[in-house]
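Here is the structure we will look at, set down as structure tokens.
The values are calculated or read from the model by the stated rules, or taken from the named source; none is laboratory data. These numbers come from a predicted model, not from an experiment. Note that each Cβ is placed from the backbone with ideal geometry, even for glycine, and that neighbours are counted across all protein chains shown. To get the accessible areas, we keep the full protein, side chains included, count just its heavy atoms, and leave off ligands, DNA and RNA. Shrake-Rupley method; radii C 1.70, N 1.55, O 1.52, S 1.80 Å.
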Amino acid sequence: MMLASTVDPIYAHGVTLAVVVIVLVRMLVGFAVLMGAVTIMIWFERKAISDMQSRLGPTRWGPFGLFQTLADGLKLIGKEDLLPAEADRFTFKLAPYLSLIPALVTFAIVPVGGTVDIAGHPVTLQIANPPIGVLLMLAMSGISVYGVVLAGWSSGSKYPLMSAVRASAQMISYEAALGMTIVTVVLATGSLSTQNIVAAQAHGIWHWNLIRLGIVPFVIFLIAITAELNRPPFDVVEAETELVGGFHTEYSSFRFGIFYLAEFMNTITMSAVIVTLFLGGPAGWVPNIPHVRWVFPILWFLIKTVFFAFSYIWFRAALPRFRYDQLMDLGWKRLIPLSLGWMLIVAGFLIKMSWGFLMAALVILAWTLLSRTVAIGTRRLEGADSLLPSVGERPLPGRVLRAFTDHEGD
Amino acid sequence: MIGAAYAIPDILAFVVSALMIVVGAIGVLAVRNPVHAALSLILTLFGVATAFVAQSADFLAVVQIIVYAGAIVVLFLFVIMFLGVDRSDPVRVEPLVGQRALAAIGVVVTIGGLVALLASSHWVTGAIAVSTSGHPTAVGAGNVRAVGTAVFTTYLFAFEATAALLIIAVVGAVQLARRERRMDREGEA
């Protein structure tokens with residue numbers, strides 16, 4: 001099943017100077033728009049969180065405090081650039097860029113709108129459309145671990161190091177589930193290219209991967225990507241109550257600013273990736289108004305992306321942080337088997353209805369066996385009088401306290 | 001051997017990727033700090049990925065980055081940081097007797113083999129898609145299809161055997177790392 005060509009239509013009539021200029025300008029505009037979006041995103045998050053916590057948030061600079069981010073950026077640049085004595089100088093300086101670049105590169109594969117005619121050239125509103133498509137996103141999310149891990153390690157300090165250890169384990173764990181859900185999308189589309197993935201979802205809401213694949217892959221993807229982003233409730237990496245600030249504790253000035261920028265840029269990029277993979281990207285109702293038809297796909301894309309950006313903020317305000325072992329349990333014992341099983345079911349249904357039901361039966365059987373195994377393992381590991389309960393139960397302060405006092409009484 | 005048959009971009013890509021691979025590989029050996037060695041390894045892996053792209057094997061390139069750079073080296077780093085390996089390891093001590101002599105012989109044999117291959121055919125010169133005399137077998141999205149077909153038909157046994165091997169390794173590692181908690185409890189009480 002080969003869909004539309006994966007080559008950008010702008011190269012169809014050879015590479016002329018005009019084409020090169022258009023491609024370069026498209027890249028620069030993409031970069032500028034992303035940077036602008038990050039500034040707004042930071043303001044938006046602070047405002048929304050304040051609203052949810054009955055505070056006002058930034059109000060002083062610009063209308064509704066809109067320029068607060070710029071002011072903060074200027075302040076950060078003006079601060080002293082500290083380099084800890086124990087730090088590994090080269091890696092310490094390298095790490096911020098390692099976390100910024102993947103965020104930038106991933107955005108390149110996101111189709112923001114349809115195709116626009118500029119000076120007779122068909123220009124797709126997407127910075128690049130490589131044949132490997134979504135795999136580039138996986139590769140970049142794999143690379144973005146290094147920013148956190150190396151920053152934590154090179155600081156030569158205790159808490160950042162613990163944060164780095166947590167980050168490396170967490171991000172690898174959730175990458176597996178992430179990859180598996182992407183496989184379901186790719187299976188249903190028959191192509192890796194984001195352009196084709198979006199094209200396959202263009203004909204109405206029932207064709208969106210969100211519904212076509214059953215809601216499960218979408219939910220797994222949303223959870224796994226939140227963990228990849230180290231955003232709450234999966235932010236054990238920078239848990240400020242345990243690890244001061246996590247991997248960026250020792251950073252200040254501009255380098256800290258880069259981490260901050262990368263974090264919010266990642267949030268936007270990943271919201272855009274979710275929209276691309278599961279909500280049809282720029283797909284949506286387009287009224288038949290001449291000359292401005294191209295605006296509507298972009299609008300739809302923006303609305304969907306802002307919705308997800310907002311849900312990340314919502315998660316942060318509403319959900320308490322996972323404990324490290326709960327995080328690992330969720331990743332390895334639930335999300336990875338579930339995504340694997342769902343992938344098998346989708347693959348079965350793509351071949352034939354009967355295969356699909358057979359696969360579903362097998363997956364249910366396997367799931368039952370697995371949960372039984374996990375239950376037995378947990379019981380053996382913890383015993384009846386375990387201090388800390390496993391996933392699902394939260395250690396209520398009273399219960400933990402009682403466990404401590406009981407032990408002292410022994 | 002590199003002559004008029006190769007376009008300048010091809011040669012450039014080859015030189016860049018070869019430099020990345022060689023500098024990274026030397027770095028892994030020469031650097032004392034284990035974390036820096038892991039970083040050099042990443043440079044090598046990216047060099048290999050670049051070489052793959054130059055040979056229009058996009059899929060292999062990105063898999064190389066996802067699997068090796070994105071997962072395996074991160075695990076290396078995890079272990080290095082977790083065990084708190086010293087900043088510099090003593091390299092003067094020789095844990096295996098005669099290791100150096102054997103390594104020297106290995107190097108001579110490998111280089112000899114490479115030179116022999118270079119002399120008899122163009123297997124190691126970075127020629128594009130050697131098996132089909134200059135034409136890439138599958139470009140772009142066709143990559144995935146070609147790799148998938150090869151893995152699930154021609155090389156099915158090797159593929160499944162590798163999968164079994166990995167599972168056995170994981171089970172073995174879990175078995176080795178598992179501690180019996182009950183013994184601990186009895187010890188405490």
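Test each condition in (1) hydroxyl-bearing (Ser, Thr, Tyr); (2) surrounded by fewer than 19 Cβ atoms within 10 Å (Cβ to Cβ); (3) within 20 Å of the chain's Cα centre (by Cα) for A:Thr115 and report the one that comes out false. Only one criterion is unmet by A:Thr115, namely (3).
Scanning the stretch B:8-43 for residues that are open to solvent by 60 Å² or more (accessible area, probe 1.4 Å), at pLDDT 85 or above and within 14 Å of another protein chain (Cβ to nearest Cβ) gives a single hit, B:Leu43. Here A:Pro96 does not fit the description of being part of a loop (DSSP other than H, G, I, E, B) and surrounded by 14 or more Cβ atoms within 10 Å (Cβ to Cβ).
Within the stretch A:102-124, does at least one residue satisfy the condition of being under 20 Å from A:Phe256 (Cβ atoms) and aliphatic (A, V, I, L, M)? Yes. On the stretch given as the stretch A:274-322, residues that are touching a helix residue (DSSP H, G or I) at 6+ places or on another chain (Cβ under 9 Å) and open to solvent by less than 60 Å² (accessible area, probe 1.4 Å) total 24. Which residues, counting only those in the stretch A:212-255, are open to solvent by less than 10 Å² (accessible area, probe 1.4 Å) and outside any loop (DSSP other than H, G, I, E, B)? Once the filter is applied, which keeps residues that are open to solvent by less than 10 Å² (accessible area, probe 1.4 Å) and outside any loop (DSSP other than H, G, I, E, B), the stretch A:212-255 yields A:Pro217, A:Ile220, A:Phe221, A:Ala224, A:Ile225, A:Thr226, A:Ala227, A:Val236, A:Val237, A:Leu243, A:Gly246, A:Ser253.
The residue that is farthest from the other protein chains (Cβ to nearest Cβ), counting only those in the stretch A:132-165 that are open to solvent by 10 Å² or more (accessible area, probe 1.4 Å) and without any contact (Cβ under 8 Å) to a residue 40 or more places away in the chain, is A:Lys158. Kindly indicate whether B:Leu75 is assigned to a helix (DSSP H, G or I), open to solvent by 30 Å² or more (accessible area, probe 1.4 Å) and either touching a His at 6+ places or on another chain (Cβ under 6 Å) or more than 9 Å from chain A (Cβ to nearest Cβ) (or both). So B:Leu75 fails the test. Any residue in the stretch A:359-376 that is assigned to a loop (DSSP other than H, G, I, E, B) and charged (D, E, K, R)? No - not one qualifying residue is present in the stretch A:359-376. When restricted to residues that are basic (Lys, Arg) and farther than 30 Å from A:Val33 by Cα, the stretch A:292-335 contains 4. Of the residues A:Leu98, A:Leu28, A:Leu74, the single one that is within 14 Å of chain B (Cβ to nearest Cβ), modelled with pLDDT of 85 or more and out of contact with any Ser or Thr (no Cβ under 7 Å at 6 or more places or on another chain) is A:Leu98. With B:Phe46, B:Phe52 as the choices, which residue is more than 10 Å from chain A (Cβ to nearest Cβ), at pLDDT 65 or above, under 20 Å from B:Leu12 (Cα atoms) and open to solvent by 50 Å² or more (accessible area, probe 1.4 Å)? Checking each option against the conditions leaves just B:Phe52.
A quick yes/no check of all residues on (1) open to solvent by 90 Å² or more (accessible area, probe 1.4 Å); (2) in contact with a Gly (Cβ under 8 Å, 6 or more places away or on another chain):
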| site | (1), (2) |
| --- | --- |
| A:Leu34 | no, no |
| A:Ala37 | no, no |
| A:Lys47 | no, yes |
| A:Asp51 | yes, yes |
| A:Pro58 | no, yes |
| A:Lys75 | yes, no |
| A:Asp81 | no, no |
